[in-house]
Each structure stands twice: as structure tokens, then as C-alpha cells.
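Below is one structure; the comments refer to it alone.
The values are calculated or read from the model by the stated rules, or taken from the named source; none is laboratory data. Given the structure is predicted, the values throughout are model-derived calculations rather than measurements. Backbone-built Cβ (ideal geometry, glycine too); neighbour counts: all protein chains shown. Surface accessibility is based on the protein's heavy atoms, side chains included, excluding ligands, DNA and RNA. Shrake-Rupley method; radii C 1.70, N 1.55, O 1.52, S 1.80 Å.
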Amino acid sequence: MKRMNFYCLMAFSCLVAVSCSEDDQLKSIVSGDYPVKEYSLERNPNVNVWGAGMDFVNDETALEETDFDYKYLEETDDYTYDIKFYTVKSYYTDDNGDLASEGCPAMLLNSDVKAVQIGAGLEYFDSLTEITPEMQLSVVSEPTVDYAACINEDGYYDRALLFAAIDQCVIGRSFRSNVLVIPDGLTEEEVQPVYLVKTGEGGYVKFMVHAFQGSGADKQKTVVRWQVISE
């Protein structure tokens, strides 16, 4: 038994040593020659029914614009996305006791994707050209939102249940105009969070919502912005 415990201790020590060694080998990643990409995605759940998937690293990553960057998903779809912009109509009881509804948009990470907020504002996004080892080590995954579990006995998406589930996500609904806190004297683009995303391929991307609500013909769309740092 003592010999077995000794071997277990040695194996654990080796595992820790390897892990620490890998962490020590992390280097800062300097931005490559990748374009900044910006797209306006439908927020209306009747139009964007199954979500819009964004795939940051693909066969045409280096192009300024490509059909490979995002796709409006179908009920059954094999498109491999890093982040899905998904919105449903949720219901709640208002102050008058009446049934009311509102859209509930969210940014959801795929199961093999990790992310972390590293800053805020368009200026920060544009100036960020280096990903430090500390940033790389801070990315985390998130629990899957079970939308079916957020349906109440009347068959509606319950707003309180949805909020509780989505608020466990890294990005979740933080970009929404009625959630995002904009101090006096500042604009939305100065406070929108900026995230570091580690893709399913192991690449790194900086990502933010440039505007929760677009302008003109894009009023019902949310504007997303990203740039690949490394593939």
C-alpha cells in the first residue's frame, strides 16, 4: 500500500510538473496581419430563428469578408461556430399583473471554446495587439444554457429562468442596452466589453459587440466586431 501511494504521489508530481512547464512556456502572442471584421446580425427571433453562428478561424480567415465568417443556423446544422448569437422571446408578469414579453438575445460559446473579458471600449479593442500569457491562462468555458428547462408550464420561455441561466455565461446578455451600464458622458462603444476568445482550433481572437442596436435599416440588428490574433 505504501509503495502504491508512493507511485501515485510520483505520478501526480510529474503531472503537476508538466502542467507548470507548459504554463511557463506560454509566450505573448503579437497580432498577425488579420483584418478587423464587422457584421450586423439579426436580433429579431422571428428572423434569426435558430441563431447566427460565428466561425472566427476558417479557410478564408485572411480575407476581409467571406461567407465562411458567419451563418444563420437551421434547426439541424453542421456549421461549426465559436460563438452563437441566439435570441428568443421571453415572457414575464408586469407591474399590472399582465403577461408581457421581450426579446432575450445572448452570445453563447460553443462547448470547446473559452473566453474572458479583458477590457472595454472600441479604443481598447483597436489598440490591443498583444495577448499576454496571463490573458491566455484566464480564458474559461461556460455551462450550456438549457433553453428547454426555461419553458414554463404555459409553454413560454420564462424571463427569470432565462436570465438566471444566461448570466452564468462569459458574454451572455452583458451587451444589451438595458443591461450595459453607460456612465454619464460616455457612449456605448466606450464601455462595451472586449473579450479574448480561444477558438476550437486553439487560435486567439478579440471580440466585442460594437453596437447592440444598429442604425437605419440595421435597427433590428446587433453589430459584432472581431479580429483574429493568431490561428
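Couple of notes before you dig in:
- Accessible surface of the range 130-231, 1.4 Å probe, proportion on carbon and sulfur as whole %: 48
- Residue among Leu137, Ser101, Thr61 farthest towards the positive dipole end of the chain, charges placed on Cβ: Leu137
- For the range 59-103, with all protein chains in place and a probe radius of 1.4 Å, 38% of the accessible heavy-atom surface sits on carbon or sulfur.
- Looking at the range 69-225, the DSSP beta bridges with both ends there are about 95 percent antiparallel.
- Gain upon complete extension [Glu130, Thr76; 0.36 nm per residue less C-alpha separation]: 15.7 nm
- Under 18 Å from a label point set 7 Å out along the Cα-to-Cβ vector of Glu65, no amide N atom of the range 112-131 is found.
- Loop sites in the range 40-126: GluC sites (Glu not before Pro), DSSP, at most 16 other Cβ within 10 Å: Glu60, Glu64, Glu65, Glu74, Glu75
- The Ser141 and Leu180 beta-carbon pair, evaluated with R₀ = 22 Å, returns a calculated FRET efficiency of approximately 0.40.
- Cβ-defined net charge surrounding Ser101, 13 Å radius [Lys, Arg +1; Asp, Glu -1]: -3
- Model label zone, Glu201; criterion: amide N under 16 Å from point 7 Å along Cα-to-beta-carbon; scope the range 213-231: 226-231
- Protection proxy ranking, highest mean first, for peptides 115-121, 103-109: 103-109, 115-121, where packing is the per-residue count of other beta-carbon atoms within 10 Å, averaged.
- Residue among Leu99, Leu41, Leu137 with the largest mean-square fluctuation in a Gaussian network model of the chain, springs linking Cα atoms under 10 Å: Leu99
- With 22 Å as the limit, the listed pairs Lys198/Lys221; Lys84/Lys219; Lys27/Lys198 have Lys198/Lys221 beyond it between alpha carbons.
- Distance between the C-alpha centres of the range 43-78 and the range 198-226: 11 Å, rounded to the whole angstrom.
- Rounded to 10°, Cα long-axis angle of helix 2-24 versus longest principal axis of the chain: 60
- Remark: spin-label model distance Glu153-Ala217 equals 4.8 nm, labels positioned 7 Å along the Cα→Cβ axis.
- Average accessible surface for the range 43-162: 55 Å² per residue, computed with a 1.4 Å probe over protein heavy atoms with every protein chain in place.
- The C-alpha radius of gyration of the range 30-96, expressed as a fraction of 2.2 N^0.38 Å, stands at 1.44.
- 3J(HN,Hα) couplings calculated from phi for the range 115-132 with the Karplus curve 6.51 cos²θ - 1.76 cosθ + 1.60 (θ = phi - 60°) are, in sequence order, 7, 7, 7, 10, x, 7, x, 4, 5, 5, 4, 5, 7, 6, 10, 9, 9, 7 Hz; Gly and Pro show x.
- Charging the Cβ of each Asp and Glu at -1 and of each Lys and Arg at +1, and nothing else, the dipole of the range 74-126 about its Cα centre rounds to 180 debye.
- Selection of GluC sites (Glu not before Pro), the range 141-197, meeting DSSP coil and at most 11 other Cβ within 10 Å: Glu153
- Kirkwood estimate for the chain, i.e. one over the average of 1/r between Cα atoms, Å: 19.5
- Cα centroid separation - the range 152-187 against the range 103-136, whole Å: 18
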